[in-house]
Amino acid sequence: MNNNIITVTSPLLPNLDEFHEMLKEIWDSKWITNNGSFHKQLEKALAEYLKVPYISLFTNGTLPLLTALQALRITGEVITTPYSFVATTHSIWWNGCKPVFVDIEESTCGIDPNKIEAAITPKTTAIMPVHCYGKPVNMKAIQEIADKYGLKVIYDAAHAFGVEVDGESVLTKGDMSTLSFHATKVYNTLEGGALIVKDEATKKRIDYLKNFGFAGETEVVAPGINSKVDEVRSAYGLLNLKQVDSAIEARQKVAIRYREALRNVSGVKFFDDMPGVKHNYSYFPIFINAEKYGMTRDELYYKMKEQGVLGRRYFYPLISTFSTYRGLPSATPENLPVATKIANEVICLPMHHALSNEDIERVIGLIVK
């Protein structure tokens with residue numbers, strides 16, 4: 001076994017000297033949280049970078065989902081995907097709503113719009129799709145369904161930092177979109193997240209909700225929570241924003257080499273870039289057809305692991321199989337054949353800005369026989 005471990009991801013870290021200078025400013029000001037200077041700067045800088053009208057920062061990527069559902073006063077049933085990180089469905093559950101799972105498209109791993117209408121009942125109030133791996137779902141079709149039935153749309157865009165379709169950010173679609181700035185993401189603030197909204201009044205309401213509902217020193221206007229971002233992580237985020245483009249360029253080069261090497265390997269599928277889409281190369285999933293490849297997904301996964309290459313079966317198992325949700329009528333494998341198949345085939349290969357050419361070739365060498 002090679003002792004040099006190749007991890008599936010690696011955090012984008014700001015320059016330590018620059019960070020130290022900003023920390024000195026924070027120490028001198030003694031203003032470390034509650035909408036400080038760096039926090040305000042980061043919200044403004046991110047709104048500009050992401051081409052969105054209004055953005056509200058959060059301490060992680062789950063709280064924006066919870067808050068979006070609260071802000072839109074969602075009740076009853078929410079249609080969503082089983083093929084995601086558990087936070088997507090947990091946010092629905094925590095808001096006292098019932099998740100209704102709909103199968104995914106093999107072409108994007110996102111929710112299949114053609115399956116949504118059949119899942120709508122009189123109790124349905126919202127749809128929560130996911131831009132899985134940063135690949136945009138069919139937003140036009142989803143919005144048409146939402147308009148037809150009077151439903152809200154909240155996009156879990158945790159993977160979709162900077163992703164655009166025909167020059168327009170995917171984050172501007174639906175009623176709201178959420179982001180994750182977790183350490184594993186293309187852009188990170190250690191832990192963090194954001195909620196993207198379309199107007200100033202909604203932004204103000206979101207900011208109340210994430211600060212206990214305070215609208216002034218003595219007035220509480222809503223039963224809010226505490227999910228404010230401190231000055232330390234805001235400073236860190238400002239520095240990372242300066243280098244995220246170069247990190248995405250490095251990721252793109254990794255994706256190009258993977259595709260070149262795996263293009264003609266029987267039993268291995270992967271995604272190509274979508275026309276008109278500006279991708280962020282957040283993940284590189286491959287899908288193993290055991291019969292054609294001659295090895296199951298898990299056999300390859302453990303072979304890689306034994307050689308110090310840490311892929312990730314992302315997303316496996318499906319959310320619908322977890323104990324909290326498996327009893328739901330929509331959680332059966334029969335209702336989710338594509339998601340079930342994909343979950344049993346997927347391995348996300350190492351994908352980050354710090355991979356060397358030697359690392360990339362080691363990964364490829366374990367897959368290409």
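The values are calculated or read from the model by the stated rules, or taken from the named source; none is laboratory data. Here the structure is a predicted model, which is why all the values come from computation and not from measurement. No Cβ is skipped: glycine too gets one built from the backbone with ideal geometry, and neighbour counts run over all protein chains shown. Just the protein is used for accessible areas: all its heavy atoms, side chains included, with ligands, DNA and RNA removed. Shrake-Rupley method; radii C 1.70, N 1.55, O 1.52, S 1.80 Å.
Mind running the shape call on the range 233-369? Use the C-alpha gyration tensor, a ≥ b ≥ c as the square roots of the eigenvalues: rounded below 1.5 for a/c, prolate if a/b tops b/c, oblate otherwise. In terms of gyration-tensor shape, oblate. Around the Cα centre of the chain, unit charges on the Cβ atoms of Lys, Arg, Asp and Glu (plus for the first two, minus for the last two) sum to a dipole of about 540 debye. Expressed in units of 2.2 N^0.38 Å, where N is the residue count, the Cα radius of gyration of the range 158-307 is 1.39. Over all Cα atoms in the range 99-166, the spread is summed up by Rg and Dmax: 11.7, 36 Å.
Entry note, the range 206-303: relative contact order of 16 percent, from Cα contacts under 8 Å with a spacing of 6+ residues. In this Cβ point-charge picture (+1 for Lys and Arg, -1 for Asp and Glu), the range 171-284 has a dipole of about 540 debye about its Cα centre. Here the accessible area of the chain is 53 percent carbon and sulfur, with a 1.4 angstrom probe and all protein chains present.
Based on Cα contacts under 8 Å between residues 6+ apart, the range 9-160 shows a relative contact order of 18 percent. When both bridge partners sit in the range 1-141, DSSP labels roughly 10% of those beta bridges antiparallel.
Look at the alpha carbon pairs under 8 Å that are at least 6 residues apart: their mean separation over the length of the chain gives a relative contact order of 23 percent. Taking all protein chains together and rolling a 1.4 Å probe, Lys341 ends up with roughly 90 Å² accessible.
Karplus-derived 3J(HN,Hα) values for the range 220-225, using 6.51 cos²θ - 1.76 cosθ + 1.60 with θ = phi - 60°, are 10, 9, 7, x, x, 10 Hz; glycine and proline are entered as x.
In whole angstrom, how far apart do the alpha carbon centroids of the range 122-174 and the range 45-100 sit? If we compute the Cα centre of each part, the gap is 12 Å. Simple point charges give the picture: +1 on the Cβ of Lys and Arg, -1 on the Cβ of Asp and Glu, and for the range 67-177 a dipole about the Cα centre of about 420 debye.
Heavy-atom accessible area, probed at 1.4 angstrom with all protein chains present, ranks Ile319, Ile32 as Ile32, Ile319, highest first. Once the 1.4 Å probe is applied to the protein heavy atoms, the chain comes out at 45 Å² accessible per residue. A Förster radius of 22 Å combined with the Cβ-Cβ distance from Asn4 to Asp298 puts the calculated FRET efficiency at roughly 0.40. Diagonalising the gyration tensor over the Cα atoms of the range 9-118 and scaling each eigenvalue by 5 before taking the square root yields semi-axes of 36, 18, 13 Å, largest first.
To the nearest 10, the accessible area of Arg326 is 150 Å² with a 1.4 Å probe. Computed across the range 76-118, the Kirkwood hydrodynamic radius from all distinct Cα-Cα pairs reaches 10.7 Å. If you take the square roots of the eigenvalues of the alpha-carbon gyration tensor of the range 299-369 and sort them as a ≥ b ≥ c, do you get rounded (a/c under 1.5), prolate (a/b over b/c) or oblate? The shape class here is prolate. Summed over qualifying helices (DSSP H, 4 residues or more, each -39500 (n - 2.57)) and divided by its residue number, the chain shows a 222 nm mean residue ellipticity of -11000 deg cm²/dmol.
Calculated on the alpha-carbon coordinates, the convex hull of the chain measures out at 143 cubic angstrom per residue.
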